[in-house]
Amino acid sequence: MADEKTFAGYICTGCGIGERLDVGQLETTAKRDGKLAEVRQHPMLCSQEGVKLIQGDIAAGATHIMLAACSRRAKVEAFDFPDVALSRANLREGVIWLRPQTDERHDHNQETTQEMADDYIRMACAEVKYMNPPAPSGEQALDKTLLVVGGGMTGMTAAIEAARADYPVQLVAEEAELGGVWKDLYKRVPFQAAARDIPNGRDLDLPRPEDPGVAALAAEVAASDRISVHLGAKIAKTSGAPGRFSVDIRTDGGALTANVGAIIQASDYKPYDANQLPELAYGKTPDVITNFELERLAKKAAGRPIERPSDGKEVQSVAFIQCAGQRSDKPGHLPYCSGFCCTESIKQAIYFKDQNPGCDATILFDDLRTPGAAGEDFYRSGQQARITFAKGQVSEVIADGGLTVRFKDLILDEDTEIDCDLVVLATGQVPNAGPDPYAQLAVAKAEDAAEQARAQALLENAPPAILNLDYRQGADLPQLKHGFVDSHFICFPYETRRTGIYAAGPVRRPMDLQQAMEDAVGAAMKAIQAVENAGQGRAVHPRVGDLSYPGFRKEGCTQCQRCAVECPFGAIDEDEANYPRFNESRCRRCGTCLGACPVRVISFENYSIDTVGQQLKNLEIPDEFEEKPRILVLACENDAYPALDMAAQAANAGTELELTPWARVIPVRCLGSVNLSWITDALSNGYDGIILMGCRRDDDYQCHFVRGSALAAERMRQVGDTLQLLNLEPERVAIHEVAITDIQRAPRLINAMAHTLDKIGMSPFKF
Amino acid sequence: MTENYRNRFLREVEANVEQGEWVKMCIQCGACSGSCPLGKFWDHPPQEIFMMIRAGKRREVLTTDAMWLCTSCYNCNVRCPRGLPITHIMHGLAHYAKRQGLVPANQPTAKFARKFWDNLMTKGRVNELKLGLSLPFLNGFGQGLKVAMKNQKLGMSMLKARRMNPMEILGGHAIKDLSGFQKAIKKAEELENTRVVS
């Protein structure tokens, strides 16, 4: 990094910028207000010739570049100058495309639009002054070894996939043999749909239960020379960061420490404890069994008719009760659908039909869901085998010598019953996760006594740790709902809130074998990306490749630890003196620490209190009597800013959309990175309104950094005090959840603020 | 309740009812019931009948009036997502109920079918005059007379246009080999009856 900063500015006049704006004035602004010595204009900067012009200046010593053209999200391949600090003034999407075109050269619209463009030039010039080109921290290391936790089908698939890609694997399994929770499978639900190429072939060659493939995969794992298998093993401690994890593995035979680059947690699920279902006679008679137990029974029968456990009589009639202890809010029941039991029961009913065609098999379901490629065809296969599918609500199972299932047939609308030899309960999956690291926090944060009691119970009944992370934020992966390990289920399913640790399979959401194996492939891919990125000091998802990382000014730090507590990714630990210790390769570069810091000492090379703070200070605020309010919009770069860009594209394509000329939009990495000082600065600098646009933040969050948007909303509650202190109306500050699809809504929200300002008047804080 | 939800009746239907092997494929979506123009008059819409068969409700299914109300509009056939030939199954069920002697007494469709069949069997062809005259009388002598009086003018016009031969009332003409035809039908009935599986 050069010690001397040499600035250069470029204004593109293409895409209509030259026709719509007074470029001469923009250049003057950049020189006079932006203090740029050199500003060049070019009719098409993104052309080869334009890029060459910039590259030439960089070669001649330019280190800081202000580029006024299109949105920073456009033309990123052309404007890729990794060695310099680059800021971009968004004149195309941000100004001309979102402003109406009027004919007269000097009307009010022209004037305000030009002011908007001038301000964006000033902001970009201010921003670039406080930026430095990022460089890797130097702590990075390339370790291609992956740790896979869990010896089930998920874990074995992840291990094999990684090994095939030439990444060595340490596979840790709690059990004494490979296969995990899947090893009892007699057969599996088929993976492929019926032959599609045969005309009218829908009912020909229907998929049938097939070999589970557990033994074959276990053999492949055992034979692979890139996979070290540790059976009967537990993880005593995991420390470090992506690229340099250190894992203490303890087995019966001893202990070892493995160094790995990334971790895949594939600890699968635990079968639901059916003892909580006395109304279904579980435990009262051995002839009421769970779907998991039936697999063992079928495996034992090995193709001969299945015998019932009580007296060994060949089963002549069997009833399957779907959703047993699931999809119900009764205490002890699972509130969710486990997603695998419908096809599982069809498969098991086919066992009976195959081994004894005279056997009657009834599946009592509420909703039949058959996911997977084979799903509907497999259902058809079950129907062909004459399984009776009855939509019914089971009330009880009576065991008095024989077995009677009482239920309400919901199609025939009558209470009825079935006598049978065997009852199979389709019970669900309970995630095999460790304790929730935020359980203690949940107790403290509970809003009422009932919630607190629930949180306390969760804390006290926490399962033993699996990863034993040596992180300040807790020993295991954070959870979202029902004890499943959190994953960004909408956009990035394998990502967890612990960078470099990927969750795969039923530990992150209930799923069947095929989905678990597909999940394992995805997670292995992600883990490989993580080690490769960590090796170069680059961020993983979502700021893939970002080299910047947070640092702090030690003299200013008050050791309050807020950054370490609020970091959604557990990237920050404390050193002995309680100063934060940033683990760069655990960092996702969201800037939540920067937003959290009350003394504003945390910054990235290219993103800091100043890069944003100076933008909002270095523009012209017209005085109160000009009736030109200013609205500061801090828009999340992941969803809100692209939504505004797309609104501009739509407007340019003819959709009737426009943005108030009072808005000044600054993209932020995440709303979590918004420091309250920006808000107070903006208010005291005379902004009339402030809008924060971030992602959805509830349980169905869309925040790319999981907690950022929620943290911002929490912090914004404190803004009320500032407003009161300044004697300003609360309507002046708004926070909105904006999705990337809110193309019409995003500009409308900003225009609504302009409308509000019309009513409540200008801010008195203009100087 | 041991017969509840057993395959026995389903297998009986599969063996004896035209297209009965499709019954097990019903997914209970209800598209047929929603599509049936006469659905609201049915005691049990098709979807429910299929469920009753699978629940083993032999007597209820074979004695119901429902499938006799089918007008063969084929709406259900066209709309069934699983492609079940529902209209055919309904007729097949009615036919099987008839063979089992389980048709409800005075079921009008059954009575009409009987009338049509007997008329056809007499001469090997349908005697339209006799059939046309007798139909109104299915609903009682008074009603029949009323309809006949009302259609007097139409009948006269048809006579004039030689579209109706009054001499047919005396018995009408038969097909060429009437006894051969009757023998063939009788044989077919015998064969069908031997095929009943229960």
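For the range A:344-368, enumerate the residues that are among the basic types (Lys, Arg) and within 11 Å of another protein chain (Cβ to nearest Cβ).
Residues of the range A:344-368 that are among the basic types (Lys, Arg), as a first pass: A:347, A:353.
Listed by number, the list holds a single entry, A:Lys353.
Keeping to the range A:573-607, report how many residues are over 22 Å from the mean Cα position of the chain (by Cα) and in a strand (DSSP E or B).
6
Which condition number in (1) more than 8 Å from every other protein chain (Cβ to nearest Cβ); (2) over 14 Å from B:Ile89 (Cα atoms) is the one that B:Asn4 fails?
That leaves (1) as the condition not met.
Looking only at residues in the range A:614-663 that are in a helix (DSSP H, G or I) and small (Gly, Ala, Ser), which one is nearest to A:Arg696 (Cα to Cα)?
Only one residue tops the list, namely A:Ala640.
Aliphatic (A, V, I, L, M) and in a loop (DSSP other than H, G, I, E, B) - does that describe any residue in the range A:256-273? If you could, list the steps in order and put the result at the bottom.
First, the residues of the range A:256-273 that are aliphatic (A, V, I, L, M): A:256, A:258, A:260, A:262-264, A:266.
The next check asks that each one be in a loop (DSSP other than H, G, I, E, B); those that pass are A:266.
Checked against the condition, which is being aliphatic (A, V, I, L, M) and in a loop (DSSP other than H, G, I, E, B), the range A:256-273 yields at least one hit.
Output yes when any residue across the range A:287-294 is within 28 Å of A:Asp413 (Cα to Cα), within 14 Å of chain B (Cβ to nearest Cβ) and over 33 Å from the mean Cα position of the chain (by Cα), and no when none is.
Taking every residue of the range A:287-294 in turn, none turns out to be within 28 Å of A:Asp413 (Cα to Cα), within 14 Å of chain B (Cβ to nearest Cβ) and over 33 Å from the mean Cα position of the chain (by Cα).
Given the criteria basic (Lys, Arg) and over 30 Å from B:Leu10 (Cβ atoms), does B:Lys176 qualify?
Yes: the conditions hold for B:Lys176.
Among the residues of the range A:532-557, write down those that are β-branched (Val, Ile, Thr) and either within 13 Å of A:Ala571 (Cβ to Cβ) or at pLDDT 95 or above (or both). Reasoning before the result, please.
So the first thing to find is which residues in the range A:532-557 are β-branched (Val, Ile, Thr), and the list is A:540, A:544.
A:Val540, the sole residue that qualifies.
For the range A:227-245, check the following and say yes or no: at least one residue is of a type in the set (Phe, Trp, Tyr) and assigned by TED's automatic domain parsing to the domain that holds A:Leu425.
First, pick out the residues of the range A:227-245 that are of a type in the set (Phe, Trp, Tyr): A:245.
Checking which are assigned by TED's automatic domain parsing to the domain that holds A:Leu425 leaves us with none.
Within the range A:227-245 (the criterion being of a type in the set (Phe, Trp, Tyr) and assigned by TED's automatic domain parsing to the domain that holds A:Leu425), the answer is no, since none of the residues qualifies.
Within the range A:1-91, which helices (runs of 4 or more DSSP H) (wholly inside it) include 1 or more residues that are polar (S, T, N, Q) and more than 15 Å from A:Glu127 (Cα to Cα)?
A:23-32, A:48-59
Of all residues in the range A:274-296, which are in a strand (DSSP E or B) and closer than 22 Å to A:Val507 by Cα?
Hit for the range A:274-296 is A:Thr290, nothing else.
Consider only pairs whose beta carbons are under 7 Å apart and that are at least six residues apart or on different chains; among these, list those whose first residue lies in the range B:46-70 and is assigned by TED's automatic domain parsing to the domain that holds B:Val23 and whose second residue is of a type in the set (S, T, N, Q) and part of a loop (DSSP other than H, G, I, E, B).
B:Gln47/B:Gln28; B:Met51/B:Gln28; B:Ala55/B:Asn4; B:Gly56/B:Asn4; B:Leu62/B:Gln100; B:Asp65/B:Gln107; B:Trp68/B:Gln107
Where in the range B:8-79 are there helices (runs of 4 or more DSSP H), lying fully within it, with 3 or more residues that are facing chain A (nearest Cβ under 9 Å)?
By residue number, B:8-16, B:46-54.
Of the residues in the range A:369-405, how many are under 21 Å from A:Ile289 (Cβ atoms), at the interface with chain B (Cβ under 10 Å from one of its Cβ atoms) and either in contact (Cβ under 8 Å) with a residue 60 or more places away in the chain or touching a strand residue (DSSP E or B) at 6+ places or on another chain (Cβ under 7 Å) (or both)?
8
Among the residues of the range A:683-723 satisfying the criterion of being at pLDDT 90 or above and acidic (Asp, Glu), which is nearest to A:Leu632 (Cα to Cα)?
Checking each candidate, the answer is A:Asp688.
Based on what the data block shows, is B:Thr63 modelled with pLDDT under 95 and of a type in the set (Ser, Thr, Tyr)? Break it down into steps so the answer makes sense when it comes.
Working: modelled with pLDDT under 95: no; of a type in the set (Ser, Thr, Tyr): yes.
No: the conditions fail for B:Thr63.
State whether the residues of the range B:91-108 include one that is within 14 Å of chain A (Cβ to nearest Cβ), in a loop (DSSP other than H, G, I, E, B) and free of Cβ contacts under 8 Å to residues at least 24 places away in the same chain.
Within the range B:91-108, not a single residue is within 14 Å of chain A (Cβ to nearest Cβ), in a loop (DSSP other than H, G, I, E, B) and free of Cβ contacts under 8 Å to residues at least 24 places away in the same chain.
Whether any residue in the range A:480-491 is surrounded by fewer than 24 Cβ atoms within 10 Å (Cβ to Cβ), more than 20 Å from A:Pro437 (Cβ to Cβ), modelled with pLDDT under 90 and not assigned by TED's automatic domain parsing to the domain that holds A:Thr427 is what I want to check.
Yes - at least one qualifying residue is present in the range A:480-491.
Which of the following residues is assigned to a helix (DSSP H, G or I), among the charged types (D, E, K, R) and either surrounded by 24 or more Cβ atoms within 10 Å (Cβ to Cβ) or in contact (Cβ under 8 Å) with a residue 12 or more places away in the chain (or both): A:Asp681, A:Asp699?
Just one listed residue meets the conditions, A:Asp681.
Hey, does the range A:182-197 have a residue that's part of a loop (DSSP other than H, G, I, E, B), touching a helix residue (DSSP H, G or I) at 6+ places or on another chain (Cβ under 6 Å), at pLDDT below 95 and closer than 30 Å to A:Leu469 by Cβ?
Checking the range A:182-197: at least one residue is part of a loop (DSSP other than H, G, I, E, B), touching a helix residue (DSSP H, G or I) at 6+ places or on another chain (Cβ under 6 Å), at pLDDT below 95 and closer than 30 Å to A:Leu469 by Cβ.
The values are calculated or read from the model by the stated rules, or taken from the named source; none is laboratory data. Here the structure is a predicted model, which is why all the values come from computation and not from measurement. Neighbour counts are summed over all protein chains in view; Cβ atoms, including those assigned to glycine, are modelled from backbone coordinates with ideal geometry.
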